[in-house]
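Take a look at the structure below.
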Amino acid sequence: MKPLLLALLSLFAMAGSADGAQSWRTLAASRPRGSVDSLRVIVRYDAGRVSVGPASAPLLYDVRARFDANEQRLSRSYDASTRTLHVGIDSAMRSSAHASSGSRAHGRLDLGLATGIPLDIDLDLGATRAVLDLGSLWVDEMHVSSGATETELTFGSLNPQPMRDLFVDAGVGSITIRQLGNARAEHASISSTVGSVDLDLGGAWAGEMPLTLRVALGSATLRVPRDAGIALRLSRRLANVDSDGFTVRDGVYYSTGYEQAKRHIVVDGSATLATVDIIWKE
Amino acid sequence: MRASDSVRRLRRLTIGLLLGALTTQGARAQSAPQSPSSDAVAASLDSLRSDANGMTLDRAEVQSGARTVQASEHLSGDVASYHGALQISGTVDGNAAAIGGDVVLLPGGHVRGDALSVGGQVKLAGGTVDGEMRSISGFSVGPLAGARLTPAQATRRSLSLAVACYLILVAMALAVSFFARGHLETIGSTIRTDFSRAFLFGLLGEIAIVPLFLLSVVALAITIVGILLIPFAAVAFALGVMGALALGFLAMSLLAGDAIMRGNTAAGDERPVVSHLITGLSLFLVLWLLSSASAYTGLVGSVLRLLAVLSTWIAATVGLGALIITRGGTRTAASVPRVPPPPAEEYAWQTPTPVSGVAAARRPTPAPRPSQQ
């Protein structure tokens, strides 16, 4: 029995070590901005951490990545005619079955984008941790779809022009958005299937901020500036909405002094098996 | 043939297969296809062409060692260096690449296309690049860069999977033989006495798995607390099904082990369940190892795979059926009546066999009617 056991273990160890081998590669790619006046960015990534931020001045984009060449093939391509940058794991390899936990833990993609030109950003993220620092970028449109992820968006400074659409859809995980008001989104939609949503509605915005919030099996925290009024028009299914101090008219919850407030937040959407908390911030 | 001989043969076969697989892997690794060309530069250019972040270069444009494009030079095509830096002071209309070195754009240097460095960096030292500046630490294409596994890798993965399953089942077999030996024996004896019925019940059980799961989900969804319990219930259901299949499979393996080790245990001795179980499991392992090792041998491989799948499925199905019949090994098959026994009273008057010497009984006669009296 002993030789049999040894043979089994040696085969298992050999196969295991071969499968677990990793071959790390780094990629750095950048392009001068030249006369390009807008950029569309499409990112498909599900193997590690991803960050998005501003690139240094003369560059249109600056991609830096670290990936396991044994399991993934990360590539980028730029189409000058449509001014579109594609970055990500090749679709043939983009399967969770191929990415080991090591690749996920140590893979990384850092994307720098040009400042001063309108950006249309489309992120499709898998099981990643995403840190998106959008301050000083001109984001014209932004779509973020994620699977099991932890996503942080920060609008550190005022968007030069109003953003046409902001759409964030998280499957399982957490979404944190800081200074959402700086995005100046004409329409913002935030969805979470399972997990938590933390929305800081601060920033140097004025007028009305329309927001669609859909949260299920989790919690949503809205951090509202003290000088803003908020109206909640949420369809609730087994949900608890923190509405202390709110007045109800026609099924809509209005914060105290809503009419007198200089700026208004109108929240539509739904909460299912979830809690929605309002926190007032100075 | 004695049982100990057959066990020895089984062990020898298993070890032989494993060693054969190891040797085959080594041989395959050593005989891996060489670069399409013996020319290292050409091989690198092939890799560069195949790399998602690479580019296509002509062999004639590549110079071994360092290369400098002088300020007075104006190249209309591409320029590349191999294992040396590429310094550019002039103008290049195409791409500039350095394989195993840096691309350095000196003052006045101008590349209208892309600048690429493999294993180095693209450095702007006063020059400009109109296209993309790109550096990669190495070629991304390699032995595993494609999505498809090579036959050697697929074989190795199949072998390791078979061994991993075997080791898990051996661990389960040890646990079951220590903690639920009675249940296992009951299931095993049910398989032995009523194989076809166990198979039928197992088949019905497998068919009923999905409807049962859906029914339980629907039942849970009726209440709020139940909705929250659905994920846990799904996991518990999956674990239960897998556990039942594994226990049934172990019972079937025990029977297989009994068959192989028949005569190896002295009469009156309690049979060693653990070694019988492991022997039975090893039989299935041999089948799967043969199937994995011959996966790329055409018809033989297909037949062996079919044999392995069928035998494993039948074993698991029969085991599951016996587990259902015996309610998880808690009841013997004999205690579950199949058909109602014939009424004894009607024929109780019949004469029993004379072997035992019991006196003949008289058929009961009805009492005479009043009119007959």
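Miscellaneous remarks
- The number of residues in segment A:44-89 that are under 21 Å from A:Ala130 (Cα atoms), in a loop (DSSP other than H, G, I, E, B) and within 13 Å of another protein chain (Cβ to nearest Cβ) comes to 5.
- Among all positions in segment B:198-219, there is no residue which is under 23 Å from the mean Cα position of the chain (by Cα), among the aromatic types (Phe, Trp, Tyr) and outside any loop (DSSP other than H, G, I, E, B).
- Test for B:Gly108: is it more than 8 Å from chain A (Cβ to nearest Cβ), surrounded by fewer than 16 Cβ atoms within 10 Å (Cβ to Cβ), under 30 Å from A:Glu71 (Cα atoms) and at pLDDT 90 or above: no
- Selected residue (criterion: farthest from A:Pro160 (Cα to Cα)) from residues of segment A:35-50 that are in contact with an Asp or Glu (Cβ under 6 Å, 6 or more places away or on another chain) and at pLDDT 95 or above: A:Ile42
- Inspection of segment B:223-234 finds no residue satisfying the criterion of being out of contact with any Cys (no Cβ under 8 Å at 6 or more places or on another chain), in the same structural domain as B:Val309 (by TED's automatic domain parsing) and touching a residue at least 40 places away in the same chain (Cβ under 8 Å).
- Residue match in segment A:223-233 (condition: touching a Pro at 6+ places or on another chain (Cβ under 8 Å) and either outside any loop (DSSP other than H, G, I, E, B) or at pLDDT 90 or above (or both)): no
- Options A:Val197, A:Val215; residue that is buried (at least 18 other Cβ atoms within 10 Å of the Cβ) and in contact (Cβ under 8 Å) with a residue 60 or more places away in the chain: A:Val215
- Matching residues in segment A:33-43 - criterion: being crowded, with 17+ Cβ neighbours inside 10 Å and part of a strand (DSSP E or B): A:Leu39, A:Arg40, A:Val41, A:Val43
The values are calculated or read from the model by the stated rules, or taken from the named source; none is laboratory data. What you are looking at is a predicted structure, and each value in this text was computed from that prediction instead of being measured. A quick note on method: Cβ atoms are made from the backbone with ideal geometry, for glycine too, and the neighbour counts reach across all protein chains shown.
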